[in-house]
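The values are calculated or read from the model by the stated rules, or taken from the named source; none is laboratory data. If you're wondering where the values come from, they're calculated on a predicted model, not measured in any experiment. Note: ideal-geometry Cβ built from the backbone for every residue, glycine included; neighbour counts use all protein chains shown. Accessible surface areas use protein heavy atoms only, side chains included; no ligands, DNA or RNA. Shrake-Rupley method; radii C 1.70, N 1.55, O 1.52, S 1.80 Å.
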Amino acid sequence: MKLLAKTNRIYLAFSLVVYLFAGLAFYQVVRFLIYKEVESRLQVERLDFENYIQTHKSWSDTTYFVENKIDVDPVGSHSRQPETFSDTLIQNRYDNELMPFRQLTFYTPIQGVMHRVAIRKSLIQSYRLIEVITVTMAACLGLLLLGTFWFQVKLSGRLWHPFYETLTRIKRFNLASATPLQLDKPEIDEFRELNEVLRKMGDKMQHDYRSLKEFTENASHEIQTPLALINAKVEQLIQSEKLTETQTRWIEDIYQASRRMARLNQGLLLLAKIENQQFTHNQTIDLTALLAEKLDDMEEVLHHKRLSVQSQNNIPFEVQLPMPLGESLVMNLVNNAIKHNYPDGRLELVSDGNQLWLGNTGSPLTTNPERLFERFKKEGSGPDSVGLGLAIIKEICDNYGLRIRYEEHNGWHRFCISRKPEEK
């Protein structure tokens, strides 16, 4: 979820809660004031009633209190009780509907006899007034909330526009390009400082990238040349007839060490190039067909080690990769499956279009499966392995939208390549 959307949702939720409490509080205040007004009128009616009693010394049903309904009932010799206010419902004599009234009940003596007097005032108009005020208030608060939210969205969009513009330019920024990172200078201080820091960081990254690229290119050339020379001279020495058995053994050790150093140098340089995205020109590669082709090319090795190959559901598994990296990934997978197999073992190639499996029989794994893809982490201590094959596979997958995982089940060791889910 975007920060702007998250902020607007929080603001909207908070505003709804505040407006709800404000509306309830306003309703209660209006209701309280209206009830106080009705009760004050009932108190005036009570004074009029008492003045009437004092003047006439008796009570008779007259039209003096036309607006209100008054009940006067004798209660015998009961003592005077405090006055009380209450809500009551009285049936309308015309349409037999129950209508709300506010009632004042008090006790007063008439001709020496205590009477209970109930004066009632209709609340119909008061309720209608409360309804009108409530609806008006809710409409005003709703319009205010919508208007404020709309203004907040528009304002936030304008305020955050420099940030999204910066983000777009960073996404398009290419380290391999000679063009530096170009960012605007917005009016907002924080965004201007952010752009300045990012610009300096981009310049530093481009400088480091060019330096590292130059180093890997130089190292690839300068190290491979003396290693090739050493190997050539050692091969000539091995063929010499004047060497003793001990000298021959030493030279063979030197030769194997130099070859291992050459493979190690090639693997580390390849990892550095992959990490720095020095491979360009992606193309569509069918890894299923490429794996099957590589297994056919290794037919003599498979025959020598008495390994059989089984293929199932060879549905094309197409990915976007530079061809050199695709060949490197396939070669490392095949070499790993052959190297860690045993004589008369089997290899299995399975593809369903979404996943690609290459499995091989072999001895149980002795190391932690989660560390198989680490650099220089290898199964066994064979002199031919430098421990970078699976690390190279993992690096290629991580940089080109693929995922690789390892599984071991019933003597089978399987590596599965699949596509990473697209980020939202």
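Just to be sure I understand the model, the point goes 7 Å from the Cα along the line to the Cβ. What's the resulting E222 to E187 distance in nm?
The modelled label-to-label distance comes out at 5.4 nm.
Pairs of Cα atoms under 8 Å, at least six residues apart: use those to get the relative contact order of segment 295-424, whole percent. Mind dumping the intermediate values first?
Values: 190 pairs, mean separation 30.7, N = 130.
Relative contact order for segment 295-424 comes out at 24 percent.
Answer rounded, prolate or oblate for segment 151-291, using the Cα gyration tensor with square roots of eigenvalues a ≥ b ≥ c: rounded when a/c is under 1.5, else prolate when a/b is larger than b/c, else oblate.
Details: a/c = 5.17, a/b = 3.09, b/c = 1.67.
Verdict is prolate for segment 151-291.
Note down the net charge around R414, summing +1 for each Lys or Arg and -1 for each Asp or Glu among other residues with Cβ under 11 Å from its Cβ. Write out the running numbers ahead of the final one.
Details: positive: R405; negative: E348, E407, E408.
Result for the local shell: -2.
Please give the charge dipole size of the chain, origin at the Cα centre, charges +1 on K and R Cβ atoms and -1 on D and E Cβ atoms. Round to the nearest 20 debye. The partial results should precede the final answer.
Numbers: 51 positive and 53 negative charges, 197 e Å.
Its charge dipole is roughly 940 debye.
Hey, how many Å between the Cα centroid of segment 193-235 and the Cα centroid of segment 339-365?
What the calculation gives is 36 Å, centre to centre.
Can you list the HN-Hα couplings for segment 343-351, worked out from phi with the Karplus curve (6.51, -1.76, 1.60; θ = phi - 60°), rounded to whole Hz and with x for Gly and Pro?
Result, ordered by residue: x, 6, x, 9, 10, 9, 10, 9, 9 Hz.
Where in segment 211-274 are there GluC sites (Glu not before Pro) that are in a DSSP coil and have at most 12 other Cβ atoms within 10 angstrom of their Cβ?
Numbers: sites: E214, E217, E222, E235, E241, E245, E252; in loops: E241.
Filter output for segment 211-274: E241.
For a label point 7 Å from the Cα of T280 along Cα→C-beta, name the residues of segment 159-186 whose backbone N is under 20 Å from it.
Zone members listed by number: 169-182.
Multiplying the sequence separation of E300 and F215 by 0.36 nm and subtracting their Cα-Cα distance, what value in nm do you get? Could you put the intermediate results ahead of the total?
Values: separation 85, 0.36 × 85 = 30.60 nm, distance 3.84 nm.
Stretched out fully, the E300 to F215 stretch lengthens by 26.8 nm.
Counting heavy atoms of the protein chains only and a 1.4 Å probe, report the per residue accessible area for the chain as a whole number of Å². Walk me through the numbers on the way to the answer.
Numbers: 27300 Å² over 424 residues.
Solvent-accessible surface per residue comes out at 64 Å².
Choose one of I285, T248, I188: the residue whose Cα lies farthest towards the positive end of the charge dipole of the chain (beta-carbon charges +1 Lys, Arg; -1 Asp, Glu; about the Cα centre).
Positive-end residue among those listed: I188.
Convert each backbone phi in segment 273-289 into a coupling constant with the Karplus relation 6.51 cos²θ - 1.76 cosθ + 1.60 (shift: θ = phi - 60°), then list the ³J(HN,Hα) values in order as whole Hz, x for Gly and Pro.
5, 5, 4, 8, 6, 7, 8, 10, 6, 5, 8, 6, 10, 8, 5, 4, 5
In nm, give the distance between the simple-model label positions of V153 and V17, each being 7 Å from the Cα along the Cα-to-Cβ direction.
Those two pseudo-labels are separated by 2.2 nm.
Gaussian network model of the chain, Cα springs within a sub-10 Å range: biggest mean-square fluctuation belongs to which of W150, W160, W59?
Result for the chain, Cα springs under 10 Å: W59 fluctuates most.
Quick one: compute the contact order of the chain, relative version, from alpha carbon pairs under 8 angstrom and 6+ residues apart, as a percent.
On the way: 481 pairs, mean separation 37.5, N = 424.
The normalised contact order for the chain reaches 9 percent.
Within the set K242/K339; K6/K154; K294/K394; K36/K69; K171/K204, which residue pairs have Cα atoms separated by over 24 Å? The partial results should precede the final answer.
Numbers: K242/K339 36 Å; K6/K154 15 Å; K294/K394 19 Å; K36/K69 19 Å; K171/K204 17 Å.
Flagged as over cut-off: K242/K339.
Between L146 and K242, 0.36 nm times their residue separation minus their Cα-Cα distance comes to what?
Working: separation 96, 0.36 × 96 = 34.56 nm, distance 9.71 nm.
Result for the pair: 24.8 nm of gain on full extension.
So, with a 1.4 angstrom probe, what is the percent of accessible area on segment 14-56 that is carbon and sulfur? Don't jump to the answer; show the numbers that get you there.
Values: 1960 of 2890 Å².
Carbon plus sulfur share of accessible area: 68 percent.
Can you give the FRET efficiency to the nearest 0.05 for N8 and R346, using r as the Cβ-Cβ distance and R₀ = 60 Å?
On the way: r = 59 Å, r/R0 = 0.98.
Between N8 and R346 the formula returns 0.50.
Would you kindly derive the ³J(HN,Hα) couplings of segment 121-136 from the backbone phi angles with the Karplus curve 6.51 cos²θ - 1.76 cosθ + 1.60 (θ = phi - 60°), listing them in order in whole Hz, with x for Gly and Pro?
Ordered by residue, 3J(HN,Hα) equals 10, 5, 9, 4, 5, 5, 5, 5, 5, 4, 4, 4, 5, 5, 4, 4 Hz.
Looking at [x] 31.7; [y] 27.4; [z] 30.7, which value of Kirkwood radius over Cα pairs in Å comes from a calculation on the structure shown?
[x]
What FRET efficiency, computed as 1/(1 + (r/R0)^6) with R0 = 25 Å and r the Cβ-Cβ distance, is obtained for A289 and W412, rounded to the nearest 0.05?
Working: r = 23 Å, r/R0 = 0.92.
Computed FRET efficiency for A289 and W412: 0.65.
Please state the shape class of segment 300-377: rounded when a/c is under 1.5, otherwise prolate if a/b exceeds b/c and oblate if not, all from the C-alpha gyration tensor. Mind showing how you got there, number by number?
Values: a/c = 1.60, a/b = 1.15, b/c = 1.39.
Judged from the Cα gyration tensor, segment 300-377 comes out oblate (a/c at least 1.5, b/c at or above a/b).
In a Gaussian network model over the chain where Cα atoms closer than 10 Å are linked, find which of T246, T168, T284 has the largest mean-square fluctuation.
With Cα springs under 10 Å in the chain, the top fluctuation among T246, T168, T284 is at T246.
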